[in-house]
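Colleague: Quick one: the structure is below, and I'll ask about it shortly.
The values are calculated or read from the model by the stated rules, or taken from the named source; none is laboratory data. This is a predicted model, so every value here is computed, not measured. Glycine gets a Cβ as well: all are built from the backbone with ideal geometry, and neighbour counts include every protein chain shown. For accessibility, only protein heavy atoms count, side chains too; no ligands or nucleic acids. Shrake-Rupley method; radii C 1.70, N 1.55, O 1.52, S 1.80 Å.
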Amino acid sequence: MNIKIIQSEQYIEAINLSEYAFQYKVSKERVEELKQRMNHHHIVYGINEEEKLASKLHLLPHHIYLQGNKWKMGGVAGVATYPEYRRSGHVKALLHHSLCEMREKGLTISMLHPFSVPFYQTYGWELFTNRLMATLKKSDLKRIGNTAGSIKRFTTEEEHPELTEVYNSYATQFSGMLIRESYWWKTVVKDMIIAVYYDKAKSPRGYLLYTVKDSKMDVEEFIALDAEARTGLWNFICQHDSMVEEVSLTTHEREPLFFALDEPRVKAEVKPYFMVRIVDVEAFIANYEWGHTKLAEPLTIHVTDSFAEWNNQSFLFNKKGIKSQKPNKEGVTLTVQSLAALCFGYKRPAELNASGLLDATDEQLNQLELLIPQTTPYFYDFF
């Protein structure tokens, strides 16, 4: 199957395919914007049939935070095929090709937003984060105290230094958060109202990204670095009680705000959100910060990957370090999906064992608990 990088003359075909597959319409004004974005920030792989684009996949090179460190990540988006070419192996071929390209480019991790979780699990991606979507009624908007700081509200389609400062401080606390470059910030804040909370010393400590329309306030990002900022931002939301009948708020599932409310029993739904994949297990294991110095006994881990054959490897962990090992009957066997869920903090070894997704002795489970540090996953973005 011949897979090629789509050139600019086929960008309109790629846009048309997305419109058909995802059932939306791009305005004429936005067509040029999308073309420019593909030209500067996307690598679009395509398969032609009869000299026309039949299938495509967009690869978006990014960086994420993991354990406070910067990692290269390949975002997968816009995977689509016209119905007359479906079940022909196009998507499978595109996904495998993109993984090979990511590995070659040093993109150790890949992420995507699934239309179907089981579909992408088949190819090695796994869920790694949830998000909470709260719906608050007007009667829920009760202030929770006073703060010494202030709120500044503004709009912009450019990167804002103070916004970036707060976001980065927040993002490094989680595994998986996107490192937002200047061009990406433009897509995040476009059409949004920005409210930044400043403490008494005029230092930015939190922000909201939101819209207000038809008596509803949609808070797309709620980011607070401390309790004071959290209170200040919430009270600012409450100040809209004369304008709105409802507030929707998207945030991390363990956001402390709701426990602090007078009535914490607001309508809230926690849903799995993004998926992650380890593209190159050997490189990932070499760069991940393991707790191997805590191990009482050596532990062998066998990684299996049914789609990316280069990841089928075994590793020996002991107090002194980590090294590759020939496969044997000893140790714990993990799929590449389970390894990602563990290392990003989405699940702990005992949870996978209880789910039947990990077969290990009690001693091996204890060793895994020591080996894999506690981390908290989250992801605010979309592509």
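Colleague: Might you check whether a residue that is in contact with an Asp or Glu (Cβ under 6 Å, 6 or more places away or on another chain), open to solvent by 10 Å² or more (accessible area, probe 1.4 Å) and among the hydrophobic types (A, V, I, L, M, F, W, C) occurs anywhere in the range 236-243?
Modeller: Taking the range 236-243 and keeping what is in contact with an Asp or Glu (Cβ under 6 Å, 6 or more places away or on another chain), we get none.
No, every residue in the range 236-243 fails to be in contact with an Asp or Glu (Cβ under 6 Å, 6 or more places away or on another chain), open to solvent by 10 Å² or more (accessible area, probe 1.4 Å) and among the hydrophobic types (A, V, I, L, M, F, W, C).
Colleague: Any residue at all in the range 231-241 that's modelled with pLDDT of 95 or more, in a strand (DSSP E or B) and either under 18 Å from the mean Cα position of the chain (by Cα) or under 23 Å from residue 194 (Cα atoms) (or both)? Please lay out each step first, then the result.
Modeller: Of all residues in the range 231-241, those modelled with pLDDT of 95 or more come to 231-241.
When the remaining residues are screened for being in a strand (DSSP E or B), the result is none.
No, because not a single residue in the range 231-241 is modelled with pLDDT of 95 or more, in a strand (DSSP E or B) and either under 18 Å from the mean Cα position of the chain (by Cα) or under 23 Å from residue 194 (Cα atoms) (or both).
Colleague: Continuing with this model, one more query. Check 166, 196 and return the single one that is within 24 Å of the chain's Cα centre (by Cα), modelled with pLDDT of 95 or more, hydrophobic (A, V, I, L, M, F, W, C) and assigned to a helix (DSSP H, G or I).
Modeller: Working: 196 fails: assigned to a helix (DSSP H, G or I).
Step by step, each of 166, 196 is checked, and only 166 is within 24 Å of the chain's Cα centre (by Cα), modelled with pLDDT of 95 or more, hydrophobic (A, V, I, L, M, F, W, C) and assigned to a helix (DSSP H, G or I).
Colleague: With the structure loaded, tell me whether residue 190 is within 22 Å of the chain's Cα centre (by Cα) and open to solvent by 60 Å² or more (accessible area, probe 1.4 Å) or whether it fails that test. Full working, then the answer.
Modeller: On the way: within 22 Å of the chain's Cα centre (by Cα): yes; open to solvent by 60 Å² or more (accessible area, probe 1.4 Å): yes.
Considered against the rule, which asks whether it is within 22 Å of the chain's Cα centre (by Cα) and open to solvent by 60 Å² or more (accessible area, probe 1.4 Å), residue 190 comes out as yes.
Colleague: Which residues, taken from the range 302-332, are more than 26 Å from the chain's Cα centre (by Cα) and β-branched (Val, Ile, Thr)?
Modeller: Those that are more than 26 Å from the chain's Cα centre (by Cα) and β-branched (Val, Ile, Thr): 322, 332.
Colleague: Take the residues in the range 175-216 that are polar (S, T, N, Q) and in contact with a strand residue (DSSP E or B) (Cβ under 6 Å, 6 or more places away or on another chain), then tell me which one is farthest from residue 160 (Cα to Cα). Before you say what the answer is, go through the steps one by one.
Modeller: Let us first name the residues in the range 175-216 that are polar (S, T, N, Q), namely 175, 182, 187, 203, 211, 215.
Checking the rest, the ones that are also in contact with a strand residue (DSSP E or B) (Cβ under 6 Å, 6 or more places away or on another chain) come to 175, 211.
Working: 175: 23, 211: 18 Å.
Looking at residues that are polar (S, T, N, Q) and in contact with a strand residue (DSSP E or B) (Cβ under 6 Å, 6 or more places away or on another chain), I get 175.
Colleague: Follow-up. Among the residues of the range 103-115, count how many are closer than 21 Å to residue 278 by Cβ, open to solvent by 50 Å² or more (accessible area, probe 1.4 Å) and not in a helix (DSSP H, G or I).
Modeller: Here is the first cut: in the range 103-115, the residues closer than 21 Å to residue 278 by Cβ are 103-114.
Of the ones still in play, those that are also open to solvent by 50 Å² or more (accessible area, probe 1.4 Å) are 103-105, 113.
Now drop any that are not not in a helix (DSSP H, G or I), which leaves 113.
Here the count works out to 1.
Conditions (1) touching a helix residue (DSSP H, G or I) at 6+ places or on another chain (Cβ under 8 Å); (2) within 26 Å of residue 63 (Cα to Cα); (3) in contact (Cβ under 8 Å) with a residue 60 or more places away in the chain; (4) not small (Gly, Ala, Ser), marked per residue:
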| site | (1), (2), (3), (4) |
| --- | --- |
| 230 | yes, no, no, yes |
| 238 | no, no, yes, yes |
| 241 | yes, no, yes, yes |
| 251 | yes, yes, yes, yes |
| 257 | yes, no, no, yes |
| 261 | yes, no, yes, yes |
| 265 | no, no, no, yes |
| 276 | yes, yes, yes, yes |
| 286 | no, yes, no, no |
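Colleague: Sticking with this one: Of the numbered conditions (1) closer than 20 Å to residue 68 by Cα; (2) open to solvent by 40 Å² or more (accessible area, probe 1.4 Å); (3) within 17 Å of the chain's Cα centre (by Cα), residue 174 satisfies every one except a single condition; which is it?
Modeller: (2)
Colleague: In the range 320-335, how many residues are touching a His at 6+ places or on another chain (Cβ under 8 Å) and part of a strand (DSSP E or B)?
Modeller: Total satisfying the criteria: 5.
Colleague: What number goes with the only condition from (1) modelled with pLDDT of 95 or more; (2) in a loop (DSSP other than H, G, I, E, B); (3) surrounded by 13 or more Cβ atoms within 10 Å (Cβ to Cβ) that residue 202 does not pass?
Modeller: Against the list (1) modelled with pLDDT of 95 or more; (2) in a loop (DSSP other than H, G, I, E, B); (3) surrounded by 13 or more Cβ atoms within 10 Å (Cβ to Cβ), residue 202 comes up short only on (3).
Colleague: Kindly provide the set of residues from the range 336-357 that are open to solvent by less than 50 Å² (accessible area, probe 1.4 Å) and part of a helix (DSSP H, G or I), ordered by number.
Modeller: Going through the range 336-357, the residues open to solvent by less than 50 Å² (accessible area, probe 1.4 Å) turn out to be 336-346, 348-349, 352.
Residues satisfying the conditions are 336, 337, 338, 339, 340, 341, 342, 343, 349, 352.
Colleague: From the list 65, 45, which one is more than 24 Å from residue 128 (Cα to Cα) and among the aromatic types (Phe, Trp, Tyr)? Outline the logic, then answer.
Modeller: Numbers: 65 fails: more than 24 Å from residue 128 (Cα to Cα).
One residue alone meets the criteria, 45.
Colleague: Please go through the range 116-154 and give me each residue that is assigned to a loop (DSSP other than H, G, I, E, B) and open to solvent by 40 Å² or more (accessible area, probe 1.4 Å), ordered by number.
Modeller: Step one: of the range 116-154, the residues assigned to a loop (DSSP other than H, G, I, E, B) are 116, 122-125, 128-129, 141-149.
Residues satisfying the conditions are 122, 142, 143, 144, 146, 147, 148.
Colleague: Of all the strands (runs of 3 or more DSSP E) wholly in the range 1-102, which have at least 1 residues that are aromatic (Phe, Trp, Tyr) and open to solvent by less than 40 Å² (accessible area, probe 1.4 Å)? Before the answer, list the steps.
Modeller: Numbers: elements: 3-5, 43-49, 52-66, 69-81.
In the range 1-102, the matching strands (runs of 3 or more DSSP E) lie at 43-49, 52-66, 69-81.
Colleague: Right, something else. Kindly evaluate residue 302 against the criterion of being under 22 Å from residue 374 (Cα atoms), in contact with a Ser or Thr (Cβ under 6 Å, 6 or more places away or on another chain) and surrounded by 13 or more Cβ atoms within 10 Å (Cβ to Cβ).
Modeller: Details: under 22 Å from residue 374 (Cα atoms): yes; in contact with a Ser or Thr (Cβ under 6 Å, 6 or more places away or on another chain): yes; surrounded by 13 or more Cβ atoms within 10 Å (Cβ to Cβ): yes.
Judged against the criteria, residue 302 is a match.
Colleague: So which residues in the range 264-294 are β-branched (Val, Ile, Thr), surrounded by fewer than 21 Cβ atoms within 10 Å (Cβ to Cβ) and under 19 Å from the mean Cα position of the chain (by Cα), if there are any at all?
Modeller: Selection gives 270 alone.
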